[in-house]
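Okay, so here's the structure we're looking at.
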Amino acid sequence: MLLRKTFLVLSIAMSMYMDGRSQMITGRPLSLQECVQAAWESNLDVKQSDFSMERAAVTWRQSKANLLPNVSGEIDHTLNKGRSIDLSTNSYIDQKNTTGSYQVSANVTLFNGLRLMNTLKSSQYAYEASKMELQTSKDQLMLNVILAYLQILTNSDLLQQSLKTAEVAQKQVERLELMNEQGAIKPSDLTDLKGLLADNKVSIITNQNAFDGARLSLAQLMNTSYNKDLQVERLRADQVEMNYAATPDSIFTIALQQLAIIKAADLRTKSAEKAVQAARGNLFPSVGLGGGFYTPYSSAARDSASRKIEYYDQLSNNYRTYVGVGISIPIFNNFRYRNQIALAKIDLKTAEFTSKTKQIQLKQNIEQDYFNMTAAKNKYEALLEQVAAYAESFRAAEVRFNNGAATSVDYLIAKNNYDRANVNLIIARYDYVLRTKILDYYQGKPLW
């Protein structure tokens with residue numbers, strides 16, 4: 001019964017949480033920063049990276065704790081029957097008796113080839129690397145959110161463009177229907193325009209589906225329920241820089257210092273270096289210091305007058321303390337330590353190779369993204385001119401068509417050219433924005 005009530009309370013709480021997130025989404029348009037923050041807080045991949053970081057933190061804390069002394073205590077009480085040893089005389093007796101012992105001991109490692117210190121440094125670097133890897137996971141998620149965000153804006157603009165296009169076609173169809181009733185046009189002109197209107201309606205459906213799909217993708221990245229009313233803020237004109245000043249080389253130089261993925265690889269290399277040194281420590285002698293306190297009790301203990309020695313008297317009379325220094329020298333261990341060093345060296349080579357590979361990939365990605373940004377900019381500027389030219393051509397064709405000086409074919413060609421140019425311009429604009437956002441990310445610049 002208690003389990004059912006607990007499950008019910010948790011279900012209600014989760015429902016209220018999801019409703020609250022849905023209200024946040026539907027209440028007003030979300031900014032890019034709000035979308036990224038919401039994704040960071042609830043995305044499953046980020047949560048998994050966070051768990052890995054917490055595990056690395058525990059390992060690091062344990063490495064520090066390994067430098068501290070080990071202290072332990074032991075209490076033993078035994079009921080003996082038959083032949084046993086009398087702890088008070090250390091001789092055999094054959095009777096029922098009770099024995100007890102109390103011990104506290106401690107030991108600390110004084111030297112073991114700096115294995116503990118190097119293990120501590122290795123785990124510290126690993127922990128710092130895990131923090132950078134968590135940031136890398138957030139960065140990747142942020143780029144995915146930006147892509148989904150811009151896809152919403154792109155499909156929203158394409159939907160609005162298709163609605164405007166259909167509106168113009170609808171007005172032309174209505175005008176030609178009146179003229180057709182009066183016999184003032186060829187029937188084929190009307191059917192051509194109706195075919196264009198039907199095509200525009202298909203474009204509206206296609207763009208609406210793409211718009212909804214983009215909103216679904218963003219909602220999934222934020223790990224929230226899909227809402228068909230989700231809206232995002234428009235980008236301001238000052239958020240789009242058309243003259244990108246940075247060069248690929250300058251971007252790469254900054255990225256090497258800024259990006260978490262590069263820092264994580266470097267820290268993994270340092271961790272592997274310390275792991276090699278820690279493995280070498282197993283080849284050196286280990287020196288330890290130990291000490292303790294011990295006292296026994298036996299119910300069979302008697303004094304010189306054969307009187308039973310009391311419990312507390314035995315504890316105070318029989319105790320002993322000890323302290324000692326021990327040295328452990330590795331002589332032969334089936335080459336286990338040598339092979340551990342060899343494996344640690346392979347891990348180091350792997351980490352160095354991974355770090356170098358990530359730098360090469362980063363440089364190649366920057367060069368590719370810079371090329372894509374430049375191409376997107378050139379395409380966008382060319383499309384601006386094309387849209388202006390086709391807009392004038394369509395205006396003239398519409399005037400001639402309305403005055404009966406042009407055929408429906410001429411009108412359809414001009415309109416299709418203008419509509420296609422507008423669609424390409426919308427796609428090119430957001431493609432350029434995406435490329436600049438990626439280059440800004442490489443340099444650690446604010447993305448909103």
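What to note about this one:
- Anisotropy class of segment 113-197 from Cα gyration tensor, a/c 1.5 cut: prolate
- Heavy atoms of V58 accessible to a 1.4 Å probe, total area in Å² rounded to 10: 80
- With the simple model of a label 7 Å out from the Cα in the direction of the Cβ, D76 to T321 spans 2.3 nm.
- Structure remark: mean-square fluctuation, Gaussian network model of the chain, C-alpha springs under 10 Å; the largest value among T321, T206, T374 belongs to T321.
- Rounded tilt (10° steps) of 32-42 against the dominant C-alpha axis of the chain: 40
- Value of relative contact order over the chain, rounded to a whole percent, pairs C-alpha under 8 Å and six or more apart: 22
- Residue list for segment 258-274, given a label point 7 angstrom along the Cα-to-Cβ vector of A57 and an amide N cut-off under 17 Å: none
- Computed E for E181/A388 - FRET, C-beta separation, R0 22 angstrom, nearest 0.05: 0.05
- Projected label distance in nm at S225 and N209, using a 7 Å step from Cα toward the beta-carbon: 2.6
- Computed from Cα atoms, the angle from the helix 44-65 axis to the main principal axis of the chain rounds to 20 degrees.
- Fully extending the segment from D303 to E381, taken as 0.36 nm per residue of separation minus the present Cα-Cα distance, adds 17.2 nm.
- The listed residues F401, F252, once ranked by accessible area (1.4 Å probe) with the largest placed first, stand as F252, F401.
- Angle of helix 115-181 to the longest C-alpha principal axis of the chain, folded into 0 to 90 degrees and rounded to 10: 20°.
- Of A210, A397, A148, the residue with the greatest mean-square motion in the GNM of the chain, using alpha carbon springs below 10 Å, is A397.
- Taken about its Cα centre, segment 130-236 carries a charge dipole of about 280 debye when Lys and Arg each add +1 at the Cβ and Asp and Glu each add -1 at the Cβ.
- Measuring nothing but protein heavy atoms, the accessible surface of the chain at 1.4 Å probe radius is 55 percent carbon and sulfur.
- Computed over protein heavy atoms with a 1.4 angstrom probe, the accessible surface ordering of W448, W40, largest first, is W448, W40.
- The charge dipole of the chain, taken about its Cα centre with unit charges on the Cβ atoms of Lys, Arg (+1), Asp and Glu (-1) only, comes to about 1860 debye.
- Here the chain is scanned for GluC sites (Glu not before Pro) in DSSP loops (not H, G, I, E, B) that have at most 16 other Cβ atoms within 10 Å, and the longest stretch holding none of them is 1-232.
- In terms of distances greater than 27 angstrom between alpha carbons, the cross-link table entries K201/K437; K138/K363; K138/K437; K228/K445; K121/K437; K138/K356 yield K201/K437; K228/K445; K121/K437.
- For segment 340-401, with +1 on Lys and Arg beta carbons and -1 on Asp and Glu, the positive-most of I346, V387, L362 along the dipole: I346
- For P(r) over Cα pairs in 20 Å bins from 0, in percent, the value calculated from this model appears in [x] 16, 29, 25, 16, 9, 4, 1, 0; [y] 27, 58, 14, 0; [z] 24, 52, 24, 1 under label [x].
- Ranking V145, L159, A169 by how far each Cα lies toward the positive end of the dipole of segment 115-209 (charges on Cβ) leaves V145 at the top.
- For segment 356-414 versus segment 232-298, the gap between their alpha-carbon centres in whole angstrom: 46
- Here the Gaussian network model covers the chain, with springs between Cα atoms less than 10 Å apart; of R175, R61, R215, R175 fluctuates the most.
- Rolling a 1.4 Å probe over the protein heavy atoms gives segment 393-448 an accessible area of 45 Å² per residue.
- A 1.4 Å probe over all protein chains sorts L412, L68 by accessible area into L68, L412, starting with the largest.
The values are calculated or read from the model by the stated rules, or taken from the named source; none is laboratory data. Note that the structure is predicted; figures quoted are calculated from it, not measured. Here Cβ is always computed from backbone atoms with ideal geometry, including for glycine, and neighbour counts include all displayed protein chains. Please note that ligands, DNA and RNA were not included when accessible areas were found on the heavy atoms of the full protein model with its side chains. Shrake-Rupley method; radii C 1.70, N 1.55, O 1.52, S 1.80 Å.
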